[in-house]
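The values are calculated or read from the model by the stated rules, or taken from the named source; none is laboratory data. What you see is a predicted model, and the numbers here were worked out from it, not measured in a lab. Here the Cβ positions follow ideal geometry from the backbone for every residue, glycine too, while neighbour counts run over all protein chains shown.
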């Protein structure tokens with residue numbers, strides 16, 4: 001790739017000026033609207049709430 005194909009790195013400095021400001025009310029909301037829980041290789045039977053004999057998952061059980 002030629003050096004001309006890289007664009008203008010100084011243009012990144014102008015990017016914050018083009019973005020709209022975040023309203024204060026949105027930045028200080030008391031609680032999230034939803035919670036996304038990601039777990040790798042977790043089945044329903046692996047949680048304590050579904051009867052797994054040795055897995056203690058009290059925080060997930062309360063959800």
Matching residues in the stretch 50-60 - criterion: being surrounded by 10 or more Cβ atoms within 10 Å (Cβ to Cβ), part of a helix (DSSP H, G or I) and modelled with pLDDT of 85 or more: 50
Among what's in the stretch 23-49 and is under 15 Å from residue 60 (Cα atoms) and assigned to a helix (DSSP H, G or I), pick the residue that is modelled with the lowest pLDDT. 44
